[in-house]
Amino acid sequence: MTTILEIDLGPLLPAFPEFAAGIVLFGVIWFVMAKKVVPAFEKTYQERAAAIEGGIEKAEAAQAEAAAALEQYREQLAGARDEASGIREDAKAQGAQIIAEMRAKAQEEADRLIAQAKAQIEAERVQAVQQLRGEIGGLATSLAGKIVGESLDEDERARRTVDRFIADLEANDAERV
Amino acid sequence: MGPLGLIIPMEGGGADDAHHWPPGVHSFDPKPFFPDAGMDWLNTYLLQAVIATVLVIGVWLWFAKDQRVVPGFKQWIGEQLYNLVRNGIGREALGPDYRRFTPYLVALFSFILVNNLFGQFFLSMFPTFSRVGYAYGLALLSWLLYNGVGIAKHGLGGYLKLMTMPKGVPGPLYAIIIPLEILSNFIVRPITLALRLFANLFAGHLVVIVFVVGGSMLLENADFLYKIAGGASLLMAFPIFGLELFIGALQAYIFTVLTAQYVASSLAEDH
């Protein structure tokens with residue numbers, strides 16, 4: 001009867017030195033991998049990822065800057081537009097004011113001219129009336145003298161009569177008006 | 001064996017030809033450097049395992065040297081290989097936890113790959129992992145790793161519960177499930193891990209021996225028809241080499257992927 005230890009394993013029976021050698025040699029490789037090779041590769045990968053992320057960050061920063069500049073430009077543009085429309089409004093208002101002032105001034109001037117003209121006319125009229133009154137008085141006196149046959153020119157009474165007559169005429173005039 | 005025997009330098013040869021044909025388990029016997037000194041462990045397989053170790057470490061240190069943010073050609077190649085394991089295996093299987101297992105997985109993949117490619121390298125012509133001891137060694141380390149991280153995360157009780165008592169199983173069925181899960185997760189996993197690697201390379205190397213040694217023996221035969229068959233056999237050896245290269249790379253990948261999967265299952269919150 002054979003026990004399990006007596007079974008002939010043939011090529012499946014390991015030689016112990018080979019078993020140990022396999023483990024030791026592999027252990028050496030494992031050690032070098034863990035201490036040198038894998039850290040070197042992982043470090044490179046991390047640096048690469050960092051470089052790529054850095055590039056992305058830089059691009060994002062540039063984009064943000066551009067967006068800020070655009071925003072600023074837009075604000076300035078809007079400000080300029082506001083300013084321009086304000087200036088336009090001002091100009092319009094100012095123009096309207098100027099027109100109103102000119103109109104007022106012109107009106108004033110016209111009023112003044114009219115008043116002056118009226119005053120002049122009045123003065124001329126008064127002067128004409130007085131002149132007329134004197135002439136009419138003279139004419140009437142000489143006419144009456146011719147009619148009566150004697151000169152009334154020097155006569156004080158006659159002059160008073162004429163004045164009274166004209167005053168009556170004026171009074172009548174005033175009543176009619 | 002004649003001149004063609006030179007292309008498979010580690011297959012013995014010379015006066016031992018009769019002893020070595022047909023190829024079999026004895027073709028994988030170690031060839032000690034000092035056969036009479038009682039130091040059988042100091043053999044060509046150990047030498048090539050050491051060379052593989054030096055090679056793997058050297059190449060990775062070379063790749064890791066002078067790394068820049070913008071990689072040159074050398075660094076780019078290194079990063080492709082590194083990412084194959086780090087992202088393609090580690091991150092795929094382990095999710096956010098993958099970083100601390102990257103050294104183990106990279107070491108595992110490159111060590112197995114280089115040793116497997118030694119099966120087709122003209123100076124060695126022998127895949128190290130067709131010696132089962134090396135495969136057991138790596139499987140044991142992977143077993144310790146996935147159980148270790150599981151216990152570290154869930155505690156011993158929580159880990160055993162996670163691994164042996166899947167949720168949603170009706171109570172009585174646990175009588176069957178628990179022994180099955182113990183068998184599958186703690187015993188079958190490491191054994192299949194080791195044997196899958198070992199058996200693929202063992203069988204592949206055996207096929208190569210049959211085609212090359214058998215072909216050259218036929219070619220040296222006086223019979224003309226045997227010479228034709230021998231030539232055809234040697235020609236066939238080249239597609240077999242190609243296939244073995246593929247299998248060697250595939251097995252390195254599978255061993256690494258499965259280790260990552262086992263670690264992931266140990267770290268899982270739910271089975």
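The values are calculated or read from the model by the stated rules, or taken from the named source; none is laboratory data. Just so it is clear, the structure is predicted and the values come from calculations on it, not from any experiment. Here Cβ is always computed from backbone atoms with ideal geometry, including for glycine, and neighbour counts include all displayed protein chains. Surface areas here come from the heavy atoms of the whole protein model, side chains and all, with no ligands, DNA or RNA. Shrake-Rupley method; radii C 1.70, N 1.55, O 1.52, S 1.80 Å.
Within the range B:60-90, work out how many residues are assigned to a helix (DSSP H, G or I), open to solvent by 40 Å² or more (accessible area, probe 1.4 Å) and at the interface with chain A (Cβ under 8 Å from one of its Cβ atoms).
1
I'd like to check something: does the range B:192-205 contain any residue that is outside any helix (DSSP H, G or I) and within 16 Å of B:Y262 (Cα to Cα)?
no
Of everything in the range B:91-127 that's over 16 Å from B:V50 (Cα atoms) and not in a helix (DSSP H, G or I), which residue is nearest to the other protein chains (Cβ to nearest Cβ)?
Of everything passing the filter in the range B:91-127, B:Q120 is nearest to the other protein chains (Cβ to nearest Cβ).
For the range B:186-202, which positions are within 13 Å of chain A (Cβ to nearest Cβ) and aromatic (F, W, Y)?
B:F198, B:F202
Just to verify a result, which residue in the range B:8-28, among those that are at pLDDT 50 or above and loosely packed, with under 14 Cβ neighbours inside 10 Å, is nearest to the other protein chains (Cβ to nearest Cβ)?
Residue satisfying both the conditions and the ranking: B:V25.
Going through the range B:146-168 one residue at a time, which ones are aliphatic (A, V, I, L, M) and surrounded by fewer than 14 Cβ atoms within 10 Å (Cβ to Cβ)?
Residues satisfying the conditions are B:A152, B:L156, B:M165.
Here are the criteria: (1) open to solvent by 60 Å² or more (accessible area, probe 1.4 Å); (2) free of Cβ contacts under 8 Å to residues at least 12 places away in the same chain; (3) more than 17 Å from the chain's Cα centre (by Cα). Tell me which single one B:G171 does not satisfy.
(1)
Considering every residue within the range B:222-230, establish whether at least one is in contact (Cβ under 8 Å) with a residue 40 or more places away in the chain, surrounded by 18 or more Cβ atoms within 10 Å (Cβ to Cβ) and under 26 Å from B:F126 (Cβ atoms).
no
Exactly one of these conditions fails for A:G22: (1) open to solvent by 70 Å² or more (accessible area, probe 1.4 Å); (2) more than 22 Å from B:F63 (Cα to Cα); (3) part of a helix (DSSP H, G or I). Give me its number.
(1)
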